[in-house]
Every structure is written in C-alpha cells, then in structure tokens.
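Student: Before anything else, here's the structure in question.
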Amino acid sequence: MDERLSLEKRIEVELKSYDGTMGIYINDLKGNIIAMNADEPFETASTIKVYILAALFDAIEKGKASLSDMLEYKKQHTIDGSGVMSSLEVGTVLSVKNLATLMIIVSDNIATNILIDYLGVDNINSCIQSLGCKDTILHNPIDFEKYDKLGTSTPRDYGSMFERMAQGTLISPNASEQMLAICKQQHYNSMLTKSIPAYYLDPDNFDEEIIYVASKSGSMNACRNDGGIVSTPYGKYVIVLFNKEFSDAMYYPEHPATVFGAKVSRLIFDQFIALEGRLK
C-alpha cells in the first residue's frame with residue numbers, strides 16, 4: 001500500500017489539529033499492531049480499575065479471595081466522583097462480585113476503594129508486574145484531597161490486558177470469561193463508540209456474542225482515556241486511546257480528546273471492516 005495512504009498516516013493527519021498528545025495501541029489479533037506513543041507514561045485515571053479487577057481474579061485463583069465474600073462500605077472508603085455507592089449508607093454490605101461490577105461498569109470510586117482495601121495496594125502492584133506490565137503502577141487508593149494522581153500506565157500495557165482477556169489468557173480462561181462479561185456491561189465508552197455506525201452496535205442486527213464492546217474508560221483533569229475490545233462480524237480487535245497534555249481540563253461530551261479519540265476509533269473501525277477483520 002502507498003505509505004501516504006497508510007492507516008498510521010491517516011491517523012496522523014486526523015490529529016494534526018489536536019492540541020493534546022494521544023497514545024494509541026491497536027491490535028487486530030491477527031499479527032497487525034499499530035502503536036503511536038504507545039510506550040509513553042500516562043495518568044490512568046479509572047482505567048487502573050481493569051488492573052485491580054485482574055488482581056482480584058488472580059487472588060481468587062490463588063484461594064486468597066472470593067467473589068462471594070461480603071465487604072462493608074466504611075467511612076474510610078468514602079470519596080466523591082463517579083459511581084452510585086455515594087448514594088448508599090455507610091455500613092452497606094455488598095458482595096465482592098457486585099463491588100467489582102460497580103467498579104467497572106459505572107466506575108464506582110467507593111467500590112474501588114473497598115476492593116483496594118480488600119486486596120492491598122502492594123498485592124495489586126505485584127500482580128500487575130507479574131502480568132508483564134512493567135510500566136504500570138497503582139500509586140494509592142482514590143483520595144483527591146491526599147493524592148494528585150491514581151495510577152500510571154502506557155497504552156501498550158493497557159492493551160495487553162484486553163489482548164489476554166480476548167484470548168482467554170488473562171489470569172485463566174475462566175477468569176478472562178468473567179472479566180469480559182463484566183467489561184461488556186460498561187456504561188461509559190463514548191470515545192470508542194461515539195462515531196461507530198449505530199447499525200453495528202444494535203443487538204437486534206447481530207447476535208450479542210458477535211457484536212459488543214468490552215471496555216473501561218477513565219478521566220481526570222490531566223487525561224481522557226479509553227480502551228477495550230471491539231467485536232465485529234469480522235472478529236475482534238483491541239483498541240486503546242490515552243490522552244494527555246491538552247489545554248482544556250473541563251469535563252463535557254464534546255471535549256477535544258473525546259472528539260478526536262472518536263475520529264481515530266472510527267478510522268480503525270472502518271479499516272477493520274473494509275479489510276474484513278484485519279488492519280493491514
């Protein structure tokens with residue numbers, strides 16, 4: 001293919017007017033990878049919650065945790081931000097499975113803090129390192145008054161989590177299946193799906209096992225991130241879009257990082273569909 005028309009070149013042209021830095025990692029799971037700023041460190045925001053989820057299932061596999069364990073919401077876990085548990089009373093008791101689900105699908109910060117307390121920051125980081133994500137770390141529980149960051153990762157590290165999940169090798173086949181089921185319930189994936197034709201996202205048009213997005217996004221003042229698995233009639237691909245160094249720290253649906261991320265996501269989707277399941 002003419003290098004001037006390559007997917008990488010088209011992405012570069014699309015981002016010419018973007019005032020931030022985007023880290024991109026795409027894998028069509030057939031040997032073709034697109035990586036742009038993929039090894040740069042980015043603030044994770046809530047994307048770190050996928051690593052926490054993996055650490056949870058790792059502990060379960062080792063007999064050190066259980067999805068049926070019941071955990072109490074204590075005052076020390078209270079934090080503002082995303083989720084629904086801030087509307088519940090302190091003292092509420094939920095299962096580990098329900099907390100893990102809330103942590104991912106509505107990015108619940110209180111559920112996350114409960115699970116961090118349950119697993120331990122050091123144990124979570126030990127699991128992250130054992131998975132080969134050498135550039136990823138959970139710095140601390142979520143506390144916006146005490147800490148100015150939550151985690152650090154790279155698009156490549158984050159992509160590797162979804163690669164393994166898609167291939168059934170993240171912790172174990174059973175763990176991968178359960179984590180995938182949770183990520184498929186994601187409520188916040190506008191960057192990945194914002195510009196994808198609605199036809200391809202309508203469950204009435206395809207079997208739900210064929211068409212889905214399993215993802216986890218994350219936003220803080222310094223970043224806007226998204227990543228996951230997009231499953232199409234031609235197969236699956238992994239996509240990660242991390243953003244930093246943009247000038248506008250406000251939160252709104254048409255934030256430049258979201259808009260340009262959606263444009264890149266559409267370029268990837270169109271290429272994958274046009275080549276019937278490949279990027280190149």
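The values are calculated or read from the model by the stated rules, or taken from the named source; none is laboratory data. This is a predicted model, so every value here is computed, not measured. Methodologically, a virtual Cβ is constructed for each residue, glycine included, from the backbone with ideal geometry; neighbour enumeration extends over all protein chains shown.
Student: Condition first: in contact (Cβ under 8 Å) with a residue 60 or more places away in the chain and outside any helix (DSSP H, G or I). Now tell me which residues in the range 97-121 satisfy that.
Tutor: Listed by number, the residues that qualify are V106, S107.
Student: In the range 201-238, how many residues are touching a Lys or Arg at 6+ places or on another chain (Cβ under 8 Å), small (G, A, S) and more than 17 Å from G23 (Cβ to Cβ)?
Tutor: 2
Student: Sort through S126, S86, S82 and tell me the only one that's in a helix (DSSP H, G or I), modelled with pLDDT under 95 and hydroxyl-bearing (S, T, Y). Outline the logic, then answer.
Tutor: Working: S126 fails: modelled with pLDDT under 95; S82 fails: in a helix (DSSP H, G or I).
Testing whether each residue is in a helix (DSSP H, G or I), modelled with pLDDT under 95 and hydroxyl-bearing (S, T, Y) leaves just S86.
Student: Separate question: Restricting attention to the range 118-152, report how many residues are among the β-branched types (V, I, T) and within 18 Å of G83 (Cβ to Cβ).
Tutor: Residues that pass the stated criteria total 1.
Student: Could you please find all residues in the range 175-184 being of a type in the set (D, E, K, R) and either surrounded by 19 or more Cβ atoms within 10 Å (Cβ to Cβ) or free of Cβ contacts under 8 Å to residues at least 24 places away in the same chain (or both)? Spell out the reasoning first.
Tutor: In the first step, residues of the range 175-184 are kept if they are of a type in the set (D, E, K, R); the result is 177, 184.
Scanning the range 175-184 gives a single hit, E177.
Student: Looking at the range 78-93, can you tell me whether even one residue there is within 17 Å of the chain's Cα centre (by Cα) and small (G, A, S)?
Tutor: Taking the range 78-93 first, the residues within 17 Å of the chain's Cα centre (by Cα) are 82-83.
Checking which are small (G, A, S) leaves us with 82-83.
Yes.
Student: If only one of S107, S130, S95 is closer than 24 Å to S215 by Cβ and either among the aliphatic types (A, V, I, L, M) or touching a helix residue (DSSP H, G or I) at 6+ places or on another chain (Cβ under 6 Å) (or both), which one is it? Please lay out each step first, then the result.
Tutor: Working: S130 fails: either among the aliphatic types (A, V, I, L, M) or touching a helix residue (DSSP H, G or I) at 6+ places or on another chain (Cβ under 6 Å) (or both); S95 fails: either among the aliphatic types (A, V, I, L, M) or touching a helix residue (DSSP H, G or I) at 6+ places or on another chain (Cβ under 6 Å) (or both).
On inspection, the qualifying residue turns out to be S107.
Student: If you check L94 against the conditions, is it touching a residue at least 24 places away in the same chain (Cβ under 8 Å), over 17 Å from D226 (Cα atoms) and in a helix (DSSP H, G or I)? First the steps, then the outcome.
Tutor: Values: touching a residue at least 24 places away in the same chain (Cβ under 8 Å): yes; over 17 Å from D226 (Cα atoms): yes; in a helix (DSSP H, G or I): no.
No: the conditions fail for L94.
Student: Next up: Kindly establish whether M220 is at pLDDT below 95 and closer than 28 Å to E40 by Cα.
Tutor: Details: at pLDDT below 95: yes; closer than 28 Å to E40 by Cα: yes.
Judged against the criteria, M220 is a match.
Student: Go through (1) under 16 Å from the mean Cα position of the chain (by Cα); (2) under 17 Å from S82 (Cα atoms) for K184 and report which single condition fails.
Tutor: Here K184 clears every test but (2).
Student: Go over the candidates S231, S172, S215 one by one and state the one that is under 17 Å from R266 (Cα atoms) and either in contact (Cβ under 8 Å) with a residue 24 or more places away in the chain or aliphatic (A, V, I, L, M) (or both). Even if it seems obvious, please write down each step before you answer.
Tutor: Details: S231 fails: either in contact (Cβ under 8 Å) with a residue 24 or more places away in the chain or aliphatic (A, V, I, L, M) (or both); S172 fails: under 17 Å from R266 (Cα atoms).
Only one candidate qualifies: S215.
Student: Read through the list (1) among the charged types (D, E, K, R); (2) within 28 Å of T21 (Cβ to Cβ); (3) surrounded by fewer than 20 Cβ atoms within 10 Å (Cβ to Cβ), then give the number of the only condition that R156 fails.
Tutor: For R156, the exception is condition (3).
Student: Among the residues of the range 185-208, what is the count of those that are out of contact with any helix residue (DSSP H, G or I) (no Cβ under 7 Å at 6 or more places or on another chain) and touching a residue at least 12 places away in the same chain (Cβ under 8 Å)? Write out each step before concluding.
Tutor: Just the residues of the range 185-208 that are out of contact with any helix residue (DSSP H, G or I) (no Cβ under 7 Å at 6 or more places or on another chain), to begin with: 188-189, 197-200, 202-204, 206-208.
Narrowing further to those that are touching a residue at least 12 places away in the same chain (Cβ under 8 Å): 188-189, 200, 206.
Qualifying residue count for the region: 4.
Student: Evaluate the range 249-257: report whether one residue or more is touching a Ser or Thr at 6+ places or on another chain (Cβ under 9 Å), surrounded by 15 or more Cβ atoms within 10 Å (Cβ to Cβ) and free of Cβ contacts under 8 Å to residues at least 60 places away in the same chain.
Tutor: The answer is yes; a qualifying residue exists.
Student: Considering only the range 222-241, how many residues are in contact with a strand residue (DSSP E or B) (Cβ under 6 Å, 6 or more places away or on another chain) and under 28 Å from I210 (Cβ atoms)?
Tutor: Of the range 222-241, the ones in contact with a strand residue (DSSP E or B) (Cβ under 6 Å, 6 or more places away or on another chain) are 222-231, 236-241.
After this cut, where a residue has to be under 28 Å from I210 (Cβ atoms) as well, the list is 225-231, 236-241.
Going through the range 222-241 one residue at a time, the tally reaches 13.
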